[in-house]
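The values are calculated or read from the model by the stated rules, or taken from the named source; none is laboratory data. These numbers were taken from a predicted model, which means no experiment stands behind them. Glycine also receives a Cβ, built like all others from the backbone with ideal geometry; neighbour counts cover every protein chain displayed. Surface accessibility is based on the protein's heavy atoms, side chains included, excluding ligands, DNA and RNA. Shrake-Rupley method; radii C 1.70, N 1.55, O 1.52, S 1.80 Å.
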Amino acid sequence: VKRHSRTSFRSRRHTGGEIKAVSGQSTSAGVITTTTVKAVITVQMTVGGVLSNLSITRAFDDLGDLLGKSLLLELVSAETDPVTGITKPTIKDYAHRLGQKADDLQYLAEFEVPENFGSIGAIYITNEHHKEMFVESVLLEGLPIGPVTVTCESWIQSKREKNAKRVFFLDKVACLPKDTPSGLKALREKELAILRGDGAPDVPRKKIDRIYDYDVYNDLGDPDKDPELARPVLGGKQHPYPRRCKTGRPRTEADPLSETRSSDVYLPRDEAFSEVKNLSFSFKTVYSVLHAVVPSLETTLIDKDLGFPYFTAIDSLYNEGVNLPQLDSKGPLGNVLPRILKAIEDAQNSILRFETPEMIERDKFGWIRDEEFCRQTLAGLNPLSIRLVTEWPMMSTLDPEVYGPAESAITTEIVEEEIRGFCTLDEALKNKKLFVLDYHDVFLPYVNKVRDIKTMRTTLYGSRTLMFLTPTGTLRPLAIELVRPPGNGKPQWKKAFTPCWDATGAWLWKLAKVHALAHDSGYHQLVSHWLRTHACTEPYILATNRQLSKMHPIYNLLHPHFRYTMEINGLAREALINSNGTIEACFSPGKYSIELSSVAYDLQWRFDHEALPADLIAR
């Protein structure tokens, strides 16, 4: 208990004209009970240590640390003044640096908190440095309820930037909007307004911004550079698609609907990789590796006039290797290559070899054998496409006037020929024994477009793969249907291939399985992986940050699952899914790859099926 005749409480450490620890209410020679509260702030060091940036501003920041003016903290009362109903003044103090603990720096601020201040609901942090700082957490000690943590995990910009004064709510103050303490309601609403970008000018976003806003995928093409690099806008009635984060970049001159491209794609500051994450996985380094490797693979394995030469060319990736251009073993490429590929250096050349998959190590042609071919539909890369056959005959939903007759070429006679001795077709349907990989309606509209691409040796079909669940509990392939729609003066072509024991038929069956595998792996990357995992998650990240305060319990439940997704998506738009990017160069649909994923989104994606058990029940 202390006697005060002045109107403020002050930190015992500071004197003179500096900002002190100031309480909320004036008093005259009264007796006021105060509590000493210490705040320990944990700041993540930059990679290379605190002195890694030897600039003039770095020197000023270090001087500020020595003088105890690094971070300004303010305690915010959870309740308003019971008499006036207005927000209580904050209690302020500068934090001084304590020292280093592991890879973090720690700062300390001390406050004298009067009893009538009420419970602490939030803190303000102002960064007095010239550079941004990553604040991990603040631990408040000395409170009657015991230590209280404030999880920050956020970049705090220099006070010289707009909206640099940041508010963080105590972890224990997690509540729905209607239950927000009176002293925090305005702060909760103001923070969401900043994150939504309310009132922000429609200009290119800066790296330091924290604005979460929606936009369509209109930045994949580059029509100003080359008309051949133009791509349709994904998002809207013609090409439905999830939304991505708005960057504010200007539109292209050649297409007013498309956005110009730049070397860096904006994303809210706290969505970026941490420095440690950047070191362990540098997307741009991997991208550089791909650009060094892919041309060598193409020239070594693939004659562009002949296409993929022969099955055993796959073996050469593992056994013989591919000559690479000389790489600096001490540079980033030399460092990352061994982690991605098996690189062997001899006296003359850099030879690249892929790690042999364990399954191929055991059985070189296991991937194309019927039993493994079917097992991979559940145990392989893409277990998200196989589904039960519930209607017969299998029919297309596409317009028959455009794409030809809708009925599948896999007939009752073909199926009963394959399952005779087990059951009839009707019994198989009734007992849930028939399963299918159906890539007919998704791929068929693009078959002729892909075949007309002049710059790639590629082809495409619509396909269906029908499988039978045997009494031993394994799947057995019954038939594979490949379909080409009408076009270029030719009628629709479709054929059902079945397991065969004569030489020609056996090879046709193997080739049909190769097409089915290519369709399945392409669908996995474009739809199961990119679309359903990455693209469909981004609008929920945007919505969560725009609509749910960090005080909201649902925000705290979702946030860990969103980490780094927007950064990865932005890098994908920059180098993977963009026009003439890695996906278009490597995947069978070529420049139609991402557009094709829009068709899958339109035909197949449903929010209420995107979880277990709903997904399994639906299939």
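Can you name every residue in the stretch 518-557 that is closer than 30 Å to PHE373 by Cβ, open to solvent by less than 30 Å² (accessible area, probe 1.4 Å) and among the hydroxyl-bearing types (Ser, Thr, Tyr)?
Of everything in the stretch 518-557, those that are closer than 30 Å to PHE373 by Cβ, open to solvent by less than 30 Å² (accessible area, probe 1.4 Å) and among the hydroxyl-bearing types (Ser, Thr, Tyr) turn out to be TYR523, SER528.
Residue check, VAL1 against (1) open to solvent by 10 Å² or more (accessible area, probe 1.4 Å); (2) modelled with pLDDT under 85; (3) of a type outside the set (D, E, K, R); (4) within 30 Å of ALA186 (Cβ to Cβ), all met but one. Which one?
(4)
Mind listing just one residue for me: the one in the stretch 454-465 that is modelled with pLDDT under 95 and farther than 14 Å from GLY487 by Cβ and, of those, least open to solvent (accessible area, probe 1.4 Å)?
THR458
Out of all the residues in the stretch 60-96, which are in a loop (DSSP other than H, G, I, E, B) and modelled with pLDDT of 90 or more? Break it down into steps so the answer makes sense when it comes.
Step one: of the stretch 60-96, the residues in a loop (DSSP other than H, G, I, E, B) are 67-70, 78-79, 81-86, 88-90.
Within the stretch 60-96, ALA78, GLU79, ASP81, PRO82, VAL83, THR84, GLY85, ILE86, LYS88, PRO89, THR90 meet the criteria.
What residue, of LEU384, LEU337, LEU378, is modelled with pLDDT of 70 or more, under 35 Å from the mean Cα position of the chain (by Cα), part of a helix (DSSP H, G or I) and not basic (Lys, Arg)? Walk me through it before giving the result.
On the way: LEU384 fails: part of a helix (DSSP H, G or I); LEU337 fails: modelled with pLDDT of 70 or more.
Only one candidate passes the filter, namely LEU378.
Would you please list the contacts, defined by Cβ atoms under 9 Å and residues six or more apart or on different chains, that run from a residue in the stretch 468-492 that is free of Cβ contacts under 8 Å to residues at least 60 places away in the same chain and of a type in the set (Ser, Thr, Tyr) to a residue that is open to solvent by 20 Å² or more (accessible area, probe 1.4 Å) and in a strand (DSSP E or B)?
Close Cβ pairs satisfying both conditions: THR470/ARG476.
Which condition number in (1) within 30 Å of GLU416 (Cβ to Cβ); (2) out of contact with any helix residue (DSSP H, G or I) (no Cβ under 8 Å at 6 or more places or on another chain) is the one that VAL483 fails?
(2)
Just give me the residues in the stretch 225-273 being basic (Lys, Arg) and outside any loop (DSSP other than H, G, I, E, B), in sequence order.
Going residue by residue through the stretch 225-273, those that are basic (Lys, Arg) are 225, 231, 237, 243-244, 246, 249, 251, 261, 269.
Across the stretch 225-273, the qualifying residues are ARG244, ARG251, ARG269.
Scan the stretch 494-544 residue by residue and report those that are aromatic (Phe, Trp, Tyr), free of Cβ contacts under 8 Å to residues at least 40 places away in the same chain and in a helix (DSSP H, G or I).
TRP507, TRP509, TYR540
So, in the stretch 140-183, how many residues would count as being in contact (Cβ under 8 Å) with a residue 24 or more places away in the chain, closer than 23 Å to THR544 by Cα and either within 32 Å of the chain's Cα centre (by Cα) or open to solvent by 70 Å² or more (accessible area, probe 1.4 Å) (or both)?
Summing the residues that are in contact (Cβ under 8 Å) with a residue 24 or more places away in the chain, closer than 23 Å to THR544 by Cα and either within 32 Å of the chain's Cα centre (by Cα) or open to solvent by 70 Å² or more (accessible area, probe 1.4 Å) (or both) in the stretch 140-183 gives 22.
Just the residues that are assigned to a loop (DSSP other than H, G, I, E, B) and out of contact with any Asp or Glu (no Cβ under 8 Å at 6 or more places or on another chain), please, taken from the stretch 204-220.
PRO204, ARG205, LYS206, ASP209, ILE211, TYR212, ASP213, VAL216, LEU220, listed by residue number.
On the basis of being β-branched (Val, Ile, Thr) and surrounded by fewer than 15 Cβ atoms within 10 Å (Cβ to Cβ), does VAL447 make the cut?
No; evaluated as a whole, the condition is false for this residue.
Given (1) open to solvent by 10 Å² or more (accessible area, probe 1.4 Å); (2) in contact (Cβ under 8 Å) with a residue 12 or more places away in the chain; (3) over 30 Å from GLY462 (Cα atoms), where does PRO560 come up short, assuming only one miss?
Failing condition for PRO560: (2).
Could you go through the stretch 473-486 and let me know if any residue there is at pLDDT 95 or above, of a type outside the set (D, E, K, R), open to solvent by 20 Å² or more (accessible area, probe 1.4 Å) and outside any loop (DSSP other than H, G, I, E, B).
yes
Yes/no per residue for (1) outside any loop (DSSP other than H, G, I, E, B); (2) β-branched (Val, Ile, Thr); (3) modelled with pLDDT under 95:
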site	(1), (2), (3)
TRP392	no, no, no
ILE410	no, yes, no
ILE414	yes, yes, no
GLU427	yes, no, no
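Which of the residues spanning the stretch 361-389 are open to solvent by 80 Å² or more (accessible area, probe 1.4 Å) and in contact with a strand residue (DSSP E or B) (Cβ under 9 Å, 6 or more places away or on another chain)?
GLU371, ARG375, LEU378, ARG387
Which residues, counting only those in the stretch 73-125, are more than 19 Å from LYS550 (Cα to Cα), open to solvent by 30 Å² or more (accessible area, probe 1.4 Å) and among the small types (Gly, Ala, Ser)?
Within the stretch 73-125, GLY85, ALA102, GLY118 meet the criteria.
Determine, yes or no, whether GLU128 is farther than 29 Å from PRO82 by Cβ, open to solvent by 10 Å² or more (accessible area, probe 1.4 Å) and in contact with a Lys or Arg (Cβ under 8 Å, 6 or more places away or on another chain). It would help to see each step written out before you state the result.
Numbers: farther than 29 Å from PRO82 by Cβ: yes; open to solvent by 10 Å² or more (accessible area, probe 1.4 Å): yes; in contact with a Lys or Arg (Cβ under 8 Å, 6 or more places away or on another chain): yes.
So GLU128 passes the test.
Take LEU398 and tell me if it is touching a helix residue (DSSP H, G or I) at 6+ places or on another chain (Cβ under 6 Å) and not charged (D, E, K, R).
On the way: touching a helix residue (DSSP H, G or I) at 6+ places or on another chain (Cβ under 6 Å): yes; not charged (D, E, K, R): yes.
When the stated conditions are applied, LEU398 passes them.
Which ones in the stretch 582-610 are crowded, with 17+ Cβ neighbours inside 10 Å, over 13 Å from MET456 (Cα atoms) and of a type in the set (D, E, K, R)?
Result: GLU595, single match.
What number of residues in the stretch 431-456 are more than 23 Å from THR397 (Cα to Cα) and over 31 Å from the mean Cα position of the chain (by Cα)?
Within the stretch 431-456, the first condition is being more than 23 Å from THR397 (Cα to Cα), and the residues that meet it are 431, 433, 452-456.
With the extra rule that they be over 31 Å from the mean Cα position of the chain (by Cα), the set shrinks to 431, 433, 452, 454.
Number satisfying all stated conditions: 4.
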